[in-house]
């Protein structure tokens, strides 16, 4: 299978998620990084390109130049990865799509619901592949959970508990000049949600991904525990889901002892499923009235969806990068299928897209509005 | 130390919690069971008394007879344990107090807030010892957590997560004639709360016990997932706590794979504490920025409060009955101190009392009202 | 069911295991403590008797006086619990049996194999009930494991891994005057095995109890890591079991971070079982080729043997004392059945007896001889 | 940093470990696969080369042709990865070294001690870099453990427990034609050790890597539980380590419920360390007398050695492939430093080499001889 030519926006020296995207893109060997607009600082963009072995003329000063430059080449980039902070997703993503490029975009989708709606429109109009890297949906046991719910193995879903606590913002880290902290607590770059935007969108996505349900309404109580912080660093949410299920969500950046403790628990009429991101190779399945089973990646008879996302035998843990890389692998298949005029492998079609990103943005907005109103139910699709 | 003479109301053949109270009373050898009104069915009361080795004339047909009979004896009971369903707490408890007897009462305190208020008044007026068996507060590591929060080891509390899921009512067990299920889903015997009354009062109590904070307001979304059930079997709550802390609570009887999965997590400015009832001998302590420590009963330097509740060396697990028995042991000390006109050992004075029970009843009422109103904040002390 | 009259040898003030036996005897209400020879120090014996509420004339100065005194009474003791250090088991046990009393004896059975053989003879001759408190065999999930192996659920056993590490003797605690440490590292009181005698006998017993196999030969490498210690504080053993199975055993008192980390793992042709004493309510069952199940006390369909040892519902942990108390409960049934001339409930007949204790002593002796010989296979039944 | 040109011997269609090596080589972008002798079957070699995007003329029919072909090119391979079964390591490794190529070789090093000695000689003589992929030593928390032991944080080591159980050969899988099983139980391809060769060499290496000690003597009891199997599928070992420490090792392919359950526990005078491969991002550290800490990759202050092997923040698990890739990254640094005539980054110099492989082969031989002799101590360096 041929390798796709990849360009990257953001991800220069000192960035975090750009390096993750590059490792993810390399792991399964479906992409070659050929170009980048790696930093808003031209000198840093150049140096970062050199670090990565890019040809100097393909280490562009900005995304517009990059798109123009690559369009002009016979061997120009086919796909653009966007790994900038949230406020800098919309413009390069839109420009890329309109230039006929496929897009792999970091989450959350955009700064505002309006931006997200616009991207959804453009993606629809251009017909390009758009993958949003809600990377947790690339874990084999998350796919297993989704397959089991879809197959009715736990019966109709009644209750969902999802939480994503961290502790890295327990103190005012943003005041120390730490770059990751700075932009993530700045509403002009992160959006209206703090923990809600950074963590809540993941929690929302994985909930919908696994259950197949939709969050229809939220009631939120969000706080900024660190003095002076302008976005929430902790949020408590009640959820109403399609089909009558109910849920709770907790997001936090101020819960000492939690690193990336995303956890999803789904309870149906006939069983329960529990998964924790920090030990992702296991999935606890409790059929009602029977002893719980610890399903594990590669052990026994799992679903095709789990097998699809599994590279190595059971007992050899796969981690965050492997899950992330599944999204890249799925994206490659979707892009090639589109180009080749065929249906993609259906196992590659569950990766999150712009539509999931738009729902995520609506979720954050509804939660923030609910919380500001003192805790009232807010439907996700009601205009504000 | 002399053994106190104990009488019991409820707990005859086929009952569950009565046997637990008796084992708890025996474990530390501070009580001798001398009398009982063990069943509303006189024949069963008699047979149950014989099972337990009671003298036939002290196996009474009802609590009133028992109180009268015991008062008439020089060696009459000094303490009454009340282990009946919720609707049958108030009357025997009140009568016992008024007869000068001390009371150890199962939780929740009563059927209604009004009954609870009345009991609180009577207890105050009579000056008798009143212990409410929120047994989880007898676990050594729960006492350790309380001591650590009080000592400021995690800093001011910001966020509390408490949950108590079970699965035993996932199907309509009450329709099969199972006695425990029958009364617990019957509002006339259990009260207005289902999972909220049975589990939520425990969760509320342990939250307040460990943090030293008070639940000031709740916002609840309660459900009855099993068709026809007249009380909630699942409830999601947002909490506002004294001092500005916030919390979430989840109670459920329909979460497959959960037996008695009470779990408390408390996060302060400088650290976090996590405790799970099903593995009660451990307490995870995460000082901010350091590796989490797994504190364990008996290992290293713990608080006097934990040592007080510890009988055997580390690595030999103590369980539910041992925790329950701590409440009986503490009760004995409080009763003897009162009789002897001295101050009780302060380590014995943290056991839950009628005041905790009253707050618990207000908590349930506020939650039910909040949920019925569609999810609105409800202060605990506002008259309805 | 009537309560049996119990006397105790050892267990006075400052002792450890005596208190455990008393709590275990009380928990299920089948025994009344009526007499004791609680200490070799007459004054301490008297004071300890008063602590426990014994009638002064039944707080004897030594076991011989106690046996004589109790025989002289119509309401004299029927059963004797022996809770002294190892070197002081044989004499009171033998005298009790010969006086027609039943015996519940702490482990290991005696100081030497010769003493153990003598006790086995006396027990056989007198026909009295003799229960040896290898308490871990009272855990419900240990009984479940035994039942599953016996039922063939994991197929013929191939491999057994058993370990019992502690850390309390990592430093020379005996040099500080700590009583428990002092006698346990003194060969004249503990016997020839240090960790082998204290922990190895437990490990040996639980292995045989669960698998139904016998340890036929051992090869040991034992060490005394703490300078000057005269018995082993760590030992590594290879085992040959009846039926061709093989095993390993590790005992240690110098493994920092281990409290009472007894763990048993049994692997058969068709499945594996894993159990850990510090989390005793769970039993992991891995049927070959299927997802492992976490069996738990009270959940789903377990064996009658597990149900027999279970008092309270699933999710409410039972611990060390509850397991210990099962041995007392089983002993009571065996004694009453003997007195009543009937067969005991078969579920009560698996408790360890003098024969198990004798095998344990032979195991320790073989291990010590093997190690002293530099590590050679030693059959358990070969005379030395 | 420039990418090294990599060739691969073995790893064609249907192979397992070759794909792992390729993912590991790609992850940190220090290698480009340029050539291969991917299969002994020329047609499969060609097709496998096409799968991987090799230029057809660099998809060689055998390793000799590959070495010749690559030497003839200005852009020829600089490093050879050898991913064939054990019996096919020696010849291509030797030829590669003698052709001036660096070697990254899968473990165990060779079929026999003699082959291993020869490779050690050749590597010494040629001065080429030789990395042996004992991949578990690339895990950050394994490096952390090594650094802690070296820094004296647990004091002098007394006891080491290492085990590596699997279950995949519980039944005679080799009889079904499964390729991985077939060669691993064939002494002519796997060597004299079965579980000892495949798993024991890993266990031996990680033990020596973390403790800094050497296994000086072994006493083994190895079995072939599956009828007709010609190599061991389970082995129990006692170990004597340099400096007076003692150890135990268990390797198994017939322990149902174990996938790749490599676990290392090290106990010193002042603390203990415990690590399990299936949850590799954690390391339990128990300082004597204090609560155990759960160290985690990226949390708090860890060693430079752990930081060196860490790519992404705490709470985002890294797994098997990431650890494997650390060996490739370290190899790249060592090769480049050699070429550039400078000292390599010292953090890259702990990767296993041919010397470790030779010790591993001697370990297996000694264990097999010990077991065949009925279980006797066998020094590792004594000629047989």
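Throughout, read-outs are computed from the coordinates displayed, never taken from laboratory work. Predicted, not measured: the structure shown is a model, and the values here were computed from it. Note that we place each Cβ from the backbone using ideal geometry, even for glycine, and neighbour counts take in every protein chain shown.
Taking the stretch B:196-213 and a reference point 7 angstrom along Cα→Cβ of residue B:369, the backbone N atoms nearer than 20 Å belong to B:196-198, B:200-202, B:204-205.
Spherically averaged projected area of the convex hull of Cα atoms, the stretch A:95-188: 9.5 nm². In this rough spin-label picture, where each label sits 7 Å from Cα along the Cβ direction, the residue A:307-residue C:57 distance is 8.3 nm. Of all DSSP-defined beta bridges confined to the protein assembly as shown, some 60% are antiparallel rather than parallel. Label-to-label distance, residue B:276 versus residue A:65, with points set 7 angstrom from Cα along the beta-carbon direction: 5.4 nm. Treating r as the C-beta distance of residue C:74 and residue A:230 and R0 as 51 Å, the FRET efficiency rounds to 0.05.
Here the label points at residue B:2 and residue D:379, each 7 Å from Cα along the C-beta direction, are separated by 7.6 nm in the simple model. The residue in chain B that lies nearest, by its beta carbon, to the axis linking chain B with chain C is given here with the distance in whole angstrom as B:319, 2. Relative contact order of chain B: what whole-number percent is it, with Cα pairs under 8 angstrom and at least 6 residues apart? Answer for chain B is 19 percent. Using a cutoff of 8 angstrom between alpha carbon atoms and counting only pairs six or more residues apart, the relative contact order for the stretch B:39-85 works out to 26 percent. When shorter helices are ignored and each DSSP H run of at least 4 residues is given -39500 (n - 2.57), the per-residue value for the protein assembly as shown at 222 nm works out to -10000 deg cm²/dmol.
Taking D:358, D:219, D:347 as the candidate residues, the one with maximal mean-square fluctuation in a Gaussian network model of chain D, Cα springs under 10 Å, is D:347.
Taking all C-alpha pairs of the stretch B:39-108, those more than 14 Å from each other amount to 60 percent. Sorted shortest first, the separations between the residue C:340 label point and its copies elsewhere in the assembly read 4.2, 7.8, 8.6 nm; each point sits 7 Å from Cα along the Cα-to-Cβ line. Restricting the calculation to Cα atoms, every distinct pair contributes to the Kirkwood radius of the stretch D:184-288, found to be 14.9 Å. Beta bridges from DSSP with both residues in chain B: antiparallel share about 60 percent, rounded to the nearest 5. Between copies, the label points of residue C:100, set 7 Å from Cα on the Cα→Cβ line, lie 4.7, 10.0, 10.8 nm apart, reported in increasing order to one decimal in nanometres. Distances between equivalent label points of residue A:73 across the copies, with each point positioned 7 Å along Cα→Cβ, amount to 2.2, 9.7, 9.9 nm, shortest listed first. Put the Cα centre of the stretch D:310-384 next to the Cα centre of the stretch C:227-290 and the gap is 29 Å. Mind checking which of C:12, C:315, C:271 has the largest fluctuation in a GNM of chain C, springs on alpha carbons under 10 Å? For chain C, modelled as a Gaussian network with Cα springs under 10 Å, the answer is C:315. Just how far, in whole angstrom, is the stretch B:109-161 from the stretch B:203-219 if you go by their alpha carbon centroids? So the separation of the two Cα centres works out to 9 Å. Ellipsoid semi-axes for the protein assembly as shown, based on the Cα gyration tensor and the rule √(5λ), read 57, 45, 25 Å when sorted largest first. When every Cα-Cα distance of the stretch B:4-128 is counted in 10 angstrom steps from zero, the calculated P(r) takes the values 15, 49, 32, 5 percent. Here chain D has an Rg and Dmax of 20.4, 64 Å, counting Cα atoms alone. Out of every Cα-Cα pair in the stretch C:292-384, what percent are more than 17 Å apart? For the stretch C:292-384, the share of Cα pairs beyond 17 Å comes to 66 percent. With R₀ set to 41 Å, the beta-carbon distance separating residue B:124 from residue C:50 gives a calculated FRET efficiency near 0.65.
As a calculated quantity, the FRET efficiency between residue B:13 and residue A:290 at R0 = 25 Å, using C-beta atoms, amounts to about 0.25.
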